[in-house]
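Take a look at the structure below.
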Amino acid sequence: MSILVLAEHHDGALAGATAHVVAAAQQIGGDIDVLVAGEGVSAIAEAAARLDGVSKVRVADNAAYAHLLAEPTAALIAELAGDYSHVLAVASTTGKNVLPRVAALKDVAQISEIIAVESADTFKRPIYAGNAIATVQSEDALKVITVRTTGFDAVGEGGSAAIEAVDFVADNAQSTFINEELAQSDRPELGAAKVVISGGRGMGNGDNFKLLDGIADKLGPPSAPRAPRWTPVSCPTTCRWARPARSSPRTSTLPWASRVPSSTWPA
Amino acid sequence: MKILVAVKRVIDYNVKIRVKPDNSDVDLTNVKMAMNPFCEIAVEEAVRLKEKGVATEIVAVTVGPKAAQEQLRTALALGADRAIHVETDERVESLGAAKALAKLVEEEQPGLVILGKQAIDTDNNQTGQMLAALTGLPQGTFASEVKVEGEKVQVTREIDGGLQTVELTLPAIVTTDLRLNEPRYAKLPDIMKAKKKPLDVKTPADLGIEVASKVKLVKVEPPAERQGGVKVDSVDELVDKLKNEAKVIS
């Protein structure tokens, strides 16, 4: 078996989440190749080559893959997928955007957000927002999987995999990147945070959430864990919850739309 | 421009789910069902585009058992013009649904297809992307803003670090995130009118596809029971527990 892992990267650096996916790939077992796609990604490829357990890094360095738009990236992975039994990616907005497209191009199912590997074709994944855990078995020849990073401990660094260029360039006349507005923050991204502090009802009201910043600073250097990961909301006790700025991989419950239920159809 | 909106019948999001005692699946007997919340947002977005004069017709589609027609009627009450039901009692997963939708896209030739980004039962987050691949159309997933300008659509996507805007050529596939809009409630007169709106029923065989899933559901278990909390006497004890028991700080 051989496994292709799509490297996740932001701002010219390899995202730590990739090391968790390599760990999941190790549990499946087989040769592990990492695909680094993007524009100007040689430093990222070198970082990926240092991850333990990686046998080869394949680099698709082309303007077509800048910002990892779904259309060209999926075409690239589908092109390479013939060499592999499994294709894995982080269950991030990038992985979730690209991999289902790859799966459909290869006419196979995709398995989303696995939290454990039972065997090479059987995986555990949360359903109903984590209120149940399903064990699923794929009968497809190619398994396309996104990995929830919190289910797997990251692999270390110390490898020195070979780096090989991929020449395939996907045409894309359909989608164009316009711009990106990234939240500026001196705290890490939620998925990469070592410590997550959550405040609840005991905080009294939304303004008090800033008290948590002090604790965060005490727990790590100020440059370390910090992200406005909450949009604190104060509301009556019947609906009291703070709405995460986005769903955390560490929380099992996603916040659903704040309105009360859909119109019920009269019988 | 015609808009196709896909909706899914799922367990109501307020209902606390129970796993069947034999661990075969989640127990859905006598449970309140509703339209998937992300699909409601998709319907609402289509209706708003029609109100703005961008869209001329909204077709609501679902793939699933006969009872799913209730959700199509809900979509019709919210403002869809007609509905198509691909009826099947199979356990349909994303790829099967995407194949059915791809056939309907071919038949209906919509300018825009709007879907919810994920269903709150299987939490797969796949169908829109798969439909885009099968139809060869561009995709704008996790949309928090959709602007149609001439032959193109600008979609602002909610990504991990913030927001990303992409421009797609039409026709295109858009999947909705929570902040795209706040869906309206259906008014009683609209609910009554929706009963008279046309609803076509097709089978997967009519479309020439198979929807059965190749992913076997082996077992469904409740998540690990949450341990009760403990009260600590001092800050030192708390720090000690965080360090040595929970190992969250070092």
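The values are calculated or read from the model by the stated rules, or taken from the named source; none is laboratory data. Everything numeric here is computed off the predicted structure, so don't read it as measured data. Cβ placement follows ideal geometry from the backbone for every residue including glycine, while neighbour counts extend to all protein chains displayed. Heads up: the accessible areas ignore ligands, DNA and RNA and are worked out on the full protein's heavy atoms, side chains in. Shrake-Rupley method; radii C 1.70, N 1.55, O 1.52, S 1.80 Å.
At the interface with chain A (Cβ under 9 Å from one of its Cβ atoms), assigned to a strand (DSSP E or B) and under 23 Å from B:V43 (Cβ atoms): does that describe B:T175? Criteria not met by B:T175. For the stretch A:94-109, a residue qualifies if it is assigned to a helix (DSSP H, G or I) and among the small types (G, A, S), and the qualifying residues are A:G95, A:A103, A:A104.
Okay, residues lined up against (1) open to solvent by 10 Å² or more (accessible area, probe 1.4 Å); (2) in a strand (DSSP E or B); (3) of a type outside the set (A, V, I, L, M):
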position: A:I111; (1), (2), (3): no, yes, no
position: A:E118; (1), (2), (3): yes, yes, yes
position: A:K124; (1), (2), (3): yes, yes, yes
position: A:A134; (1), (2), (3): no, yes, no
position: A:Q137; (1), (2), (3): yes, yes, yes
position: A:A141; (1), (2), (3): yes, no, no
position: A:I145; (1), (2), (3): no, yes, no
position: A:T150; (1), (2), (3): yes, no, yes
position: A:A154; (1), (2), (3): yes, no, no
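Considering only residues that are in contact (Cβ under 8 Å) with a residue 40 or more places away in the chain and either outside the structural domain of A:R148 (by TED's automatic domain parsing) or surrounded by fewer than 22 Cβ atoms within 10 Å (Cβ to Cβ) (or both), which ones fall in the stretch A:43-53? Selection gives A:E46, A:A49, A:R50, A:D52, A:G53. Inside the stretch B:53-94, residues that are touching a helix residue (DSSP H, G or I) at 6+ places or on another chain (Cβ under 6 Å) and within 14 Å of chain A (Cβ to nearest Cβ) make up a count of 10. Candidates in the stretch B:65-87 are the residues that are open to solvent by less than 10 Å² (accessible area, probe 1.4 Å) and assigned to a strand (DSSP E or B); of these, the one that is farthest from B:A98 (Cα to Cα) is B:A83. Inside the stretch A:150-179, can you point out the residues that are acidic (D, E), under 23 Å from the mean Cα position of the chain (by Cα) and modelled with pLDDT of 90 or more? Answer for the stretch A:150-179, where residues must be acidic (D, E), under 23 Å from the mean Cα position of the chain (by Cα) and modelled with pLDDT of 90 or more: just A:E157. Just one of the numbered conditions (1) more than 13 Å from chain B (Cβ to nearest Cβ); (2) open to solvent by 20 Å² or more (accessible area, probe 1.4 Å); (3) in contact with a strand residue (DSSP E or B) (Cβ under 9 Å, 6 or more places away or on another chain) is not true of A:A63: (3).
Taking (1) at pLDDT 95 or above; (2) open to solvent by less than 20 Å² (accessible area, probe 1.4 Å) in turn, B:L137 satisfies each apart from (2). Strands (runs of 3 or more DSSP E) fully within the stretch A:30-93 that include at least 1 residues being aliphatic (A, V, I, L, M) and within 17 Å of the chain's Cα centre (by Cα): A:31-38, A:86-90. Mind listing whichever residues of the stretch B:141-156 are in a strand (DSSP E or B) and either surrounded by fewer than 23 Cβ atoms within 10 Å (Cβ to Cβ) or more than 8 Å from chain A (Cβ to nearest Cβ) (or both)? Once the filter is applied, which keeps residues that are in a strand (DSSP E or B) and either surrounded by fewer than 23 Cβ atoms within 10 Å (Cβ to Cβ) or more than 8 Å from chain A (Cβ to nearest Cβ) (or both), the stretch B:141-156 yields B:A143, B:S144, B:E145, B:V146, B:K147, B:V148, B:E149, B:K152, B:V153, B:Q154, B:V155, B:T156. Within the stretch A:94-108, the set of residues being facing chain B (nearest Cβ under 7 Å), farther than 13 Å from A:L6 by Cα and open to solvent by 10 Å² or more (accessible area, probe 1.4 Å) comprises A:R101, A:L105. B:E182 satisfies every condition listed in (1) facing chain A (nearest Cβ under 10 Å); (2) within 29 Å of A:K124 (Cα to Cα) except (2).
Of the residues making up the stretch B:215-245, those that are closer than 28 Å to A:S112 by Cα and free of Cβ contacts under 8 Å to residues at least 12 places away in the same chain number 7. Remark: pairs (first residue in the stretch A:1-18, without any contact (Cβ under 8 Å) to a residue 60 or more places away in the chain; second residue of a type outside the set (D, E) and open to solvent by 10 Å² or more (accessible area, probe 1.4 Å); Cβ separation under 8 Å; 6+ apart in sequence or on different chains) = A:A7/A:L14; A:A7/A:A15; A:H9/A:A15; A:G12/A:G40; A:G12/A:A43; A:A13/A:A43; A:A13/A:A47; A:L14/A:A47. A Cβ distance below 9 Å, combined with a sequence gap of six or more or placement on separate chains, defines the contacts here; from the stretch B:194-213, residues that are over 22 Å from B:L134 (Cα atoms) reach residues that are open to solvent by 60 Å² or more (accessible area, probe 1.4 Å) and assigned to a helix (DSSP H, G or I) in the pairs B:V201/B:K66. Among the residues of the stretch B:16-74, those that are within 25 Å of B:E87 (Cα to Cα), more than 16 Å from the chain's Cα centre (by Cα) and among the acidic types (D, E) comprise B:D25, B:D27, B:E57. Could you please let me know if A:A104 is touching a helix residue (DSSP H, G or I) at 6+ places or on another chain (Cβ under 6 Å) and free of Cβ contacts under 8 Å to residues at least 24 places away in the same chain? Judged against the criteria, A:A104 is a match. All conditions in (1) out of contact with any helix residue (DSSP H, G or I) (no Cβ under 7 Å at 6 or more places or on another chain); (2) within 9 Å of chain B (Cβ to nearest Cβ); (3) surrounded by fewer than 24 Cβ atoms within 10 Å (Cβ to Cβ) hold for A:L69, with the sole exception of (3).
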